[in-house]
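Working notes for the structure below.
No value in this document is a laboratory result; all are computed from the given coordinates. Bear in mind the structure is a predicted one, so any value in this text is a computation, not a measurement. In this analysis, Cβ positions are derived from the backbone assuming ideal geometry, glycine residues included, and neighbour counts consider all displayed protein chains.
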Amino acid sequence: LPLIAVCGRPNVGKSTLFNRLTGSRRSIVGDEPGITRDRIYGEVEWFGRDARIVDTGGVIPDDEALIPSEIFRQAQVALEEADSIIMVVDGRTELASPDLELARLLLRGGKPVFLAVNKMDTDALLPQAENFRRLGFRNVFPISAEHNGGIGDLMDEVFESLPEPKTHEE
Ligand code: GDP
């Protein structure tokens, strides 16, 4: 199955989005031996098509100082293994340099990338999402992972970007 990766800083709502998309179809899969970080895989069905999805924020290190490098490591893995990548930002916060750096890395990776500006719970918040256009994504989707807003438009585009499935038998 094609693979979608969800990237972004802690607390932006990656796992809320992931849980909403996967429902109960998810599993915690250990990484290679020696690496303590977990990546959480699940499956998502979208209008009759299936994909795997990975939440790259599965486990966040306790040490604040390690967080940026861990996000980058996860993004590198995502660029290697995923077919399409969703970067999630918290639309209620200021655009910060770790977001710019992560965006730059993802945009250079040559894979289809989508920006989900999360926590846009009401229409009144939507203008804030515009700030994040500076990150340089062509595809910017204001969403509310918690209230299920905007996710349809996002996933339509993400699935559109995935390689065509061969059969439906997995
Ligand atoms: P992660 O660390 O990126 O996986 O973030 P989480 O999914 O754990 O979410 C972090 C916090 O943001 C939690 O308190 C969520 O309830 C909250 N959150 C997630 N999505 C939304 C949203 O759409 N709107 C609002 N207002 N809060 C959200």
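Once a ≥ b ≥ c are taken as the square roots of the eigenvalues of the Cα gyration tensor of the range 63-169, is the result rounded (a/c under 1.5), prolate (a/b larger than b/c) or oblate (a/b not larger than b/c)?
oblate
Ranked highest first by average number of other Cβ atoms within 10 Å, how do 108-119, 42-53 line up? Provide the component values of the computation, followed by the final result.
Details: 108-119: 21.1, 42-53: 16.7.
Descending mean neighbour count gives 108-119, 42-53.
Can you pull the one-decimal nm distance between simple spin-label points at ASP50 and GLU81, each 7 Å off the Cα toward Cβ?
Here the answer is 1.9 nm between the modelled labels.
Quick one: if the Förster radius is 35 Å, what FRET efficiency do SER24 and SER97 give, using the C-beta to C-beta distance and rounding to 0.05?
0.40
Nothing charged except the Cβ atoms of Lys and Arg (+1) and of Asp and Glu (-1): what's the magnitude of the dipole of the range 3-161 about its Cα centre? Round to the nearest 20 debye. Let's see the in-between values first.
Numbers: 18 positive and 26 negative charges, 47 e Å.
About 220 debye.
Restricting to the range 3-161, what percent of DSSP beta bridges are antiparallel, rounded to 5?
About 45 percent, rounded to the nearest 5.
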